[in-house]
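These notes are about the structure you will find just below.
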Amino acid sequence: MGPKKTLKHRLSNDTEREFGGTLGAVCIPVFLPLTVLFLICVSQSPEASVLQWPPCIPSTDQLWDPLAPILLLGWIGLHALLYLLPLGKVSDGLALRDGSRLKYPINGFHGLCISAVLLSVLLGLGAPLAYLFELLVPLAVSAIAVSFLSSVYLYVRSFWAPSHALALGGDTGNPLYDFFIGRELNPRIGNFDLKYFCELRPGLIGWGVINLGMLMKEAELRGSPSLSMILVNCFQLLYVADALWNEEAVLTTMDIVHDGFGFMLVFGDLAWVPFTYGLQASFLIVHPQSLSLLTAAAIVALNGAGYYIFRKSNSQKNQFRRDPTHPSVSGLETIATATGKRLLVSGWWGFVRHPNYLGDLLMALAWSLPCGFSHLLPYFYVVYFTVLLVHREARDERQCRAKYGLAWDAYCRRVPYRIFPYIY
């Protein structure tokens, strides 16, 4: 790539930076780790108020426990080993810019099942899983430290990657922004894909383990887990298990196909997801809630409806992307594009432009409702996820309009609502 082309490429990227550009790349790696620690501290406090002043912050004694980094690194190491086991099938990713396709082991669900067996053995041997409640803050600190160290490694190693292996939006020449957004698209050590591994393995399964620890803590304190705690654990475990059962679908997502692997994704995978998505469980330990069977049934129905929309729409999209001639999608109405691809304008994707986001948000609400309405904290995930998905939808819109042009405009006229029918 010549100097003029390089300059043009970088100037183009300067105008298209995500997440607030350089300012966001500086502020987010500071603000979000502090937010994780703040939210955990609030969830474990008697007031559980996100608005109290001065804010609830952990003491220095709470930040460190030598057991925490040992557990975290051991957990990551276990799942690295499970990733390498010859279990399940191997799938091809989408074509890269140089025309090649990377191969990915589809064995995440095997990892979940083996983890469940190992946890059962440990519990049978008397392992104090409930102690995870006391370890939440130091575990989060350890995960944040690993995220920063991993991001430095990823940024440095990206300078040895060929130009076609870099993410289009991550090679701007601005070191702060590139460190945050990620320069290399698919960093690998041999055949071990670092981004794909982190996307669904240690953090997502770890979220389920943390939830189980909270359930055990409540049982230790009160003799048995509450119905609210059981619902939160079951709903979120279903979400984790579904993601791993349908692991192959992640190969067509924005995270894998478009985004580089930098601090944004590393921190999100290893720290943000396991320590903020399950705040409801840690909240319920200090703030127990009682549910009537009728209320519980209504919440189960809401989660079921959200899951049905989420799974059906994602399955339809992934099947269409991989094989548009498959009988399950071949009869759907489409719009031709200048790229040679076609856009779905019927089925779930003729209902709203992002039906999977709608299902996701219905499930998010169902996860929070077992915590009652006395505090805002359990609804943090709903609020955050709404903002995240609206932002992601806007990113999708920009990319699809740039890629498909007039065909995308025609699709938007056919399907005017983005996420919520008749609302947005």
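For segment 233-248, filtered to residues that are crowded, with 19+ Cβ neighbours inside 10 Å and out of contact with any Leu (no Cβ under 7 Å at 6 or more places or on another chain), the residue that is nearest to residue 290 (Cα to Cα) is 235. Flag set for residue 290, criterion: open to solvent by 70 Å² or more (accessible area, probe 1.4 Å) and touching a residue at least 60 places away in the same chain (Cβ under 8 Å). If you check 372, 359, 350 for being touching a residue at least 12 places away in the same chain (Cβ under 8 Å), touching a Gly at 6+ places or on another chain (Cβ under 7 Å) and either assigned by the TED database to the domain that holds residue 303 or open to solvent by less than 10 Å² (accessible area, probe 1.4 Å) (or both), only one passes: 359. Among the residues of this structure, residue 223 counts as one that is of a type in the set (Gly, Ala, Ser), closer than 30 Å to residue 130 by Cα and not assigned by the TED database to the domain that holds residue 389.
Restricting 165, 143 to residues that are touching an Asp or Glu at 6+ places or on another chain (Cβ under 8 Å) and at negative phi narrows the list to 165.
A quick yes/no check of all residues on (1) over 26 Å from residue 264 (Cα atoms); (2) of a type in the set (Phe, Trp, Tyr):
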site: 368; (1), (2): no, no
site: 373; (1), (2): yes, yes
site: 379; (1), (2): no, yes
site: 383; (1), (2): no, no
site: 398; (1), (2): no, no
site: 405; (1), (2): yes, no
site: 408; (1), (2): yes, yes
site: 417; (1), (2): yes, yes
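Could you look through segment 76-91, keep only residues that are in contact (Cβ under 8 Å) with a residue 24 or more places away in the chain and surrounded by fewer than 19 Cβ atoms within 10 Å (Cβ to Cβ), and pick out the one that is farthest from the chain's Cα centre (by Cα)? My answer is 85.
Look at (1) over 19 Å from residue 26 (Cβ atoms); (2) buried (at least 16 other Cβ atoms within 10 Å of the Cβ) and you find that residue 122 fails only one, number (2). The set of residues from segment 364-387 being within 21 Å of residue 305 (Cβ to Cβ), under 17 Å from the mean Cα position of the chain (by Cα) and not hydroxyl-bearing (Ser, Thr, Tyr) comprises 364, 365, 367, 382, 383, 385. For residue 344, are the conditions met, namely being over 30 Å from residue 300 (Cα atoms), surrounded by 20 or more Cβ atoms within 10 Å (Cβ to Cβ), of a type outside the set (S, T, N, Q) and in the same structural domain as residue 295 (by the TED database)? Yes: the conditions hold for residue 344. Against the condition touching a Lys or Arg at 6+ places or on another chain (Cβ under 6 Å), aliphatic (A, V, I, L, M) and under 30 Å from residue 402 (Cβ atoms), how does residue 166 come out, does it pass? The answer is yes for residue 166. For the condition surrounded by fewer than 21 Cβ atoms within 10 Å (Cβ to Cβ) and among the aliphatic types (A, V, I, L, M), what is the one hit in 338, 281, 271? 338 is the lone residue from the list that is surrounded by fewer than 21 Cβ atoms within 10 Å (Cβ to Cβ) and among the aliphatic types (A, V, I, L, M). Of the residues making up segment 157-178, those that are open to solvent by 40 Å² or more (accessible area, probe 1.4 Å), assigned to a helix (DSSP H, G or I) and either in contact (Cβ under 8 Å) with a residue 24 or more places away in the chain or closer than 24 Å to residue 101 by Cα (or both) are 157, 159, 160, 163, 164, 176. In summary, residue 194 fulfils each of the numbered conditions (1) touching a Leu at 6+ places or on another chain (Cβ under 9 Å); (2) under 30 Å from residue 296 (Cα atoms); (3) open to solvent by 20 Å² or more (accessible area, probe 1.4 Å) with the single exception of condition (2). For segment 218-230, taking the residues that are open to solvent by 20 Å² or more (accessible area, probe 1.4 Å) and in a helix (DSSP H, G or I), the one that is nearest to residue 363 (Cα to Cα) is identified as 230. Output yes when any residue across segment 56-64 is open to solvent by less than 60 Å² (accessible area, probe 1.4 Å) and without any contact (Cβ under 8 Å) to a residue 24 or more places away in the chain, and no when none is. Among the residues of segment 56-64, at least one is open to solvent by less than 60 Å² (accessible area, probe 1.4 Å) and without any contact (Cβ under 8 Å) to a residue 24 or more places away in the chain, which makes the answer yes.
Could you list all residues from segment 386-406 that are open to solvent by less than 50 Å² (accessible area, probe 1.4 Å), assigned to a helix (DSSP H, G or I) and touching a residue at least 60 places away in the same chain (Cβ under 8 Å)? Correct list: 395, 396, 404. The residue of segment 249-261 that is modelled with the highest pLDDT, among those that are open to solvent by 30 Å² or more (accessible area, probe 1.4 Å) and of a type in the set (Val, Ile, Thr), is 257.
The values are calculated or read from the model by the stated rules, or taken from the named source; none is laboratory data. Bear in mind the structure is a predicted one, so any value in this text is a computation, not a measurement. We place every Cβ from the backbone using ideal geometry, glycine too, and count neighbours over all the protein chains shown. Just the protein is used for accessible areas: all its heavy atoms, side chains included, with ligands, DNA and RNA removed. Shrake-Rupley method; radii C 1.70, N 1.55, O 1.52, S 1.80 Å.
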